[in-house]
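Shown next, in structure tokens, is the structure this report addresses.
Each reported figure results from applying straightforward, stated rules to the coordinates on display, with no laboratory input. Nothing here was measured: the structure is a model prediction, and the numbers come from that model. Cβ placement follows ideal geometry from the backbone for every residue including glycine, while neighbour counts extend to all protein chains displayed.
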Amino acid sequence: GQSLEQPSEVTAVEGAIVQINCTYQTSGFYGLSWYQQHDGGAPTFLSYNALDGLEETGRFSSFLSRSDSYGYLLLQELQMKDSASYFCAVLASGTYKYIFGTGTRLKVLA
Amino acid sequence: DSGVTQTPKHLITATGQRVTLRCSPRSGDLSVYWYQQSLDQGLQFLIQYYNGEERAKGNILERFSAQQFPDLHSELNLSSLELGDSALYFCASSEGLEKTQYFGPGTRLLVL
């Protein structure tokens, strides 16, 4: 089957750097996306990796290594408002099904 | 505000009933996606439409169906509702098969 695994919870302090990992088992996909979801809110797009390597968007960066079946989201200069759930997602090639990861709840402490 | 609208915001109904959730995509977006998110769970992809045609189907139950109309709005029909269908249902849209999906605020369904 196809699955994306993430740590269930990560805790960090304001101003710190945190990395949220996403390991996957899927036969093929077009790219790895990351979404943020605050409690009670809708997911919002953060970042996308079509190719291996690092993509930087402000305080957020995302990395993909297809050979290692692994990606991560890096959040720098953490702020309280970054407390949310973060999901990785892929569009499976062939079936065009979107597969979302299990989600990581990030808690930022003052 | 993503530009995607969903109605209703909340829906309370009884087991065995049928409901219809509605989604209007962002202006210009041809793709519409439907997701189910149960309490403290991830997003489960249900189905995708592109310009009126079904594009991809995920873990959508046979009791559920969807369609996209010529004006590109979409409806998700849930029938013979069960307690376990209680969840947040999100609609998202994109121009095509791009990386970025824009999510609506969701419809919270409670089946009693």
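Sorted by average packing, counted as other Cβ atoms within 10 angstrom per residue and highest first, what order do A:45-51, A:9-15, B:68-74, B:29-35 take? Mind showing how you got there, number by number?
Values: A:45-51: 17.7, A:9-15: 13.0, B:68-74: 15.7, B:29-35: 24.0.
With the highest mean Cβ count within 10 Å placed first, the list reads B:29-35, A:45-51, B:68-74, A:9-15.
The range A:43-110 and the range B:34-63 have their alpha-carbon centroids 21 Å apart.
Name the shape class, rounded, prolate or oblate, that the alpha-carbon gyration tensor gives for the range A:33-92, where a ≥ b ≥ c are the square roots of its eigenvalues, rounded holds for a/c under 1.5, and otherwise prolate holds if a/b is larger than b/c and oblate otherwise. Don't skip to the end; give the middle numbers.
Numbers: a/c = 2.43, a/b = 1.49, b/c = 1.63.
Judged from the Cα gyration tensor, the range A:33-92 comes out oblate (a/c at least 1.5, b/c at or above a/b).
Normalising the average separation of contacting C-alpha pairs (under 8 angstrom, six or more residues apart) by the number of residues puts the relative contact order of chain B at 38 percent.
Eigenvalues of the alpha-carbon gyration tensor of chain A, scaled by 5 and square-rooted, set the equivalent ellipsoid semi-axes at 24, 14, 12 angstrom, largest first.
Placing unit charges on C-beta atoms (Lys and Arg positive, Asp and Glu negative, everything else neutral), compute the dipole magnitude of chain A about its Cα centre in debye, rounded to 20.
Working: 6 positive and 10 negative charges, 48 e Å.
Charge dipole, chain A, about its Cα centre: 240 debye, nearest 20.
Note on B:Glu54 and A:Glu55: their simple-model spin labels are 3.0 nm apart, each label 7 Å out from Cα toward Cβ.
Based on Cα coordinates alone, diagonalise the gyration tensor for chain B, multiply each eigenvalue by 5, take square roots, and list the semi-axes in whole Å, largest first.
Values: eigenvalues 99, 38, 32 Å².
Each semi-axis is the square root of five times an eigenvalue, giving 22, 14, 13 Å.
Among B:Ser80, A:Ser85, B:Ser27, the order by Cβ neighbours within 10 angstrom, fewest to most, reads B:Ser27, B:Ser80, A:Ser85. Take every pair of alpha-carbon atoms less than 8 Å apart whose residues are at least six positions apart; their mean separation over the length of chain A yields a relative contact order of 37 percent. Residues within the reach of a label modelled at A:Tyr96 (point 7 angstrom out along Cα to beta-carbon, backbone nitrogen below 20 Å), restricted to the range A:1-45, are A:2, A:27-33.
Just how large is the dipole of the protein assembly as shown about the Cα centre, in debye to the nearest 20, putting +1 at every Lys and Arg Cβ and -1 at every Asp and Glu Cβ?
Details: 15 positive and 22 negative charges, 77 e Å.
Computed about the Cα centre, the dipole is about 380 debye.
For B:Lys9, a cut-off of 18 angstrom between C-alpha atoms picks up these aspartates and glutamates, skipping any fewer than 8 places away in its own chain: A:Asp39, B:Asp1, B:Glu75, B:Asp85. Toward the positive end of the charge dipole of the protein assembly as shown, with +1 on the Cβ of Lys and Arg and -1 on the Cβ of Asp and Glu, the farthest Cα among B:Leu21, B:Val4, A:Gln19 is that of B:Leu21. Peptide B:50-61 is shielded by partner chain Cβ atoms: per residue, an average of 2 of them sit within 10 Å of its Cβ. Placing unit charges on the Cβ atoms of the charged side chains and taking the dipole of the protein assembly as shown about its Cα centre, the candidate lying farthest along the positive direction among B:Tyr89, A:Leu74, A:Gly31 is B:Tyr89. Enter the mean number of other protein chain beta carbons within 10 Å of the beta carbon of each residue in A:42-49, as an integer. Taking all residues of A:42-49 together, the mean is 6. Computed about the Cα centre, the dipole magnitude for the range B:37-85 is approximately 120 debye when only Lys and Arg (+1) and Asp and Glu (-1) carry charge, each at its Cβ.
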